[in-house]
Every structure is written in structure tokens, then in C-alpha cells.
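Down below is the structure, laid out as C-alpha cells.
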Amino acid sequence: MSSKEKIILVGGGGHCKVVASIIFEKNEYEIIGISDLKTEIGKEIMGIKINYIDEQLEELYKTGIKNAFVTVGSVGNPDLRIKLFKKLKDIGFNLPVIISKHTIISKDVSIGEGTVIMPGVIVNPGVKIERNCIINTGAIIEHDCIIEDNVHIAPGVTLSGGVKIGENSHIGTGTSIIQNIEIGKNVLIGAGSVVVNNIPDNTKAFGVPAKIKSVIDN
């Protein structure tokens, strides 16, 4: 019998594959299955069966499964991730921090529960990453950045020193943000952008340099 703690993954799909691969490589948890829509029951991801639906999560917790992780991805809209995170917390689950072995993270970095750090990420001193974030493959987070709840830093993003990213924001693939910039809450930065000015809450911006293109209706 395995002595590892058990964990349930919530949400199938591509993001789930990468999270599962990190858990496998670190060998810290035993994945007991994946929870998803009823129509997905019986499918497999990375050899793990989708064998539960979200309505069974509370029952699973009562059987002694104390760890869970949101494995739904986010492309510009984190609402489902936020909803699932809250549901798991309300039930009582522990949402660990999942960090690939193939990262460089300074010792004084603070990382909030339910956050995943993908392979190839570099996080330098003084950084604070809050809850339910995705720091995706190959991202570079320079010194003293602050990344608030539910943020997705997409693959290949570079944040220079002292950047602040507000909650629920998405920084698109390959974007670069210069030092000391503030990105507001509920912001979407398009892929490949270069951000040289602060971006206010509830906006979409992209380009080189990035310019505000529209307001997000919340």
C-alpha cells in the first residue's frame, strides 16, 4: 500500500496533463483520479481515469481524501478556476503548491496554495505569488514581483523586476513587461506584447508597445 498522501485532480484536459506529469515526477502524491463532467467519465489522461464528477467531491473528502488541485486551465477567463478553487476550499480540501523539479526558485519566494509552477520557470528573490495561480512553462519572474490570486502567467512570459500583476489577470504567451509596471485586476494582455506602461483594471491590451484596445465587461 502506498504511503503517499492521496490527491484528486479537478478538471481534465491539456492543463491536467502537465500538472499530472509534475506530480508523477516528484512522486509526492498518489493521484486517485480526475473529476470532470459526467460526459467525460471513463476517459483517461496520462493513464489516470476520469472517474468522478464534481458533485462527488464532498463525499470523497469525507472518505479521507484531503488533497485536491484545480487542473482546469485558463485562457483569459479564470472564472471556472476561481469557482472550483472556492468549492474545494469550502469542502475543506488542502490545495498544495505543485512545483516542477525543473525550475529555479529562490528560497525567499512566497507561493500561495493551489498554485502550479511549470517546468523551466525561473523565479528570483523577493517575489510573492498568491493563490490559485498558473506560472506556465519557461516563464521568468524577476526580483520583487507581486502576482495576485488567480493570475495566469502564460508560457515564455518575462516579468522584469518590481512588476505587479492584479488578481484574475492573464498575461499572454511570450509577453515581456518592463520593470516596475503595474497591471490591474481582470486584465488580459495579448500574446507577444511588450508592456511599457501601467495597464488599468478591466481592460484588454496588446501590441508592441502594448496599448489598451477595449474594456472588459465584468
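The values are calculated or read from the model by the stated rules, or taken from the named source; none is laboratory data. Just so it is clear, the structure is predicted and the values come from calculations on it, not from any experiment. Heads up, the Cβs are rebuilt from the backbone with ideal geometry, glycines too, and the neighbour counts pull from every protein chain shown. These area figures cover heavy atoms from the full protein model, side chains too; ligands, DNA and RNA do not enter into them. Shrake-Rupley method; radii C 1.70, N 1.55, O 1.52, S 1.80 Å.
For region 175-202, a residue qualifies if it is more than 15 Å from VAL157 (Cβ to Cβ) and small (Gly, Ala, Ser), and exactly one does: GLY184.
For region 158-184, the tally of residues that are surrounded by fewer than 20 Cβ atoms within 10 Å (Cβ to Cβ) and either within 12 Å of ILE141 (Cα to Cα) or small (Gly, Ala, Ser) (or both) stands at 10.
Condition check ((1) assigned by the TED database to the domain that holds VAL127; (2) crowded, with 20+ Cβ neighbours inside 10 Å) across all residues:
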| position | (1), (2) |
| --- | --- |
| GLU30 | no, no |
| SER35 | no, yes |
| LYS38 | no, no |
| GLU59 | no, no |
| THR71 | no, yes |
| LYS107 | yes, no |
| GLY112 | yes, no |
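When every residue of region 138-155 is checked against the conditions, none turns out to be touching a Leu at 6+ places or on another chain (Cβ under 9 Å), polar (S, T, N, Q) and under 23 Å from SER21 (Cβ atoms).
Selection within region 1-18: residues that are of a type in the set (A, V, I, L, M, F, W, C) and touching a residue at least 60 places away in the same chain (Cβ under 8 Å). The member of this set that is surrounded by the fewest Cβ atoms within 10 Å (Cβ to Cβ) is VAL18. For region 146-196, which positions are closer than 24 Å to PHE85 by Cβ, in contact with a Gly (Cβ under 6 Å, 6 or more places away or on another chain) and of a type in the set (Gly, Ala, Ser)? Matches in region 146-196: ALA154, GLY166, GLY172, GLY184.
Is it fair to say PRO119 is at pLDDT 95 or above, within 20 Å of ASN180 (Cα to Cα), part of a loop (DSSP other than H, G, I, E, B) and open to solvent by 10 Å² or more (accessible area, probe 1.4 Å)? Against the criterion (at pLDDT 95 or above, within 20 Å of ASN180 (Cα to Cα), part of a loop (DSSP other than H, G, I, E, B) and open to solvent by 10 Å² or more (accessible area, probe 1.4 Å)), PRO119 does not qualify. Output yes when any residue across region 185-194 is in a loop (DSSP other than H, G, I, E, B), open to solvent by 50 Å² or more (accessible area, probe 1.4 Å) and over 17 Å from VAL151 (Cα atoms), and no when none is. No, region 185-194 has no match at all.
Exactly one condition in (1) among the basic types (Lys, Arg); (2) assigned to a strand (DSSP E or B); (3) open to solvent by less than 30 Å² (accessible area, probe 1.4 Å) is false for LYS49; which is it? All conditions are met except number (3). Within region 203-218, one or more residues are under 30 Å from PHE93 (Cα atoms) and surrounded by fewer than 24 Cβ atoms within 10 Å (Cβ to Cβ).
In region 56-72, which residues are within 15 Å of VAL19 (Cβ to Cβ) and out of contact with any Lys or Arg (no Cβ under 8 Å at 6 or more places or on another chain)? Within region 56-72, ALA68, PHE69, THR71 meet the criteria. Of the residues ILE216, ILE165, ILE146, the single one that is modelled with pLDDT under 95 and not polar (S, T, N, Q) is ILE216.
Of the residues SER21, SER35, SER100, SER74, the single one that is in contact (Cβ under 8 Å) with a residue 12 or more places away in the chain and out of contact with any helix residue (DSSP H, G or I) (no Cβ under 6 Å at 6 or more places or on another chain) is SER21. For ASP54, the conditions (1) on the phi < 0 side of the Ramachandran plot; (2) acidic (Asp, Glu); (3) in contact with a Pro (Cβ under 9 Å, 6 or more places away or on another chain) all hold with the exception of (3).
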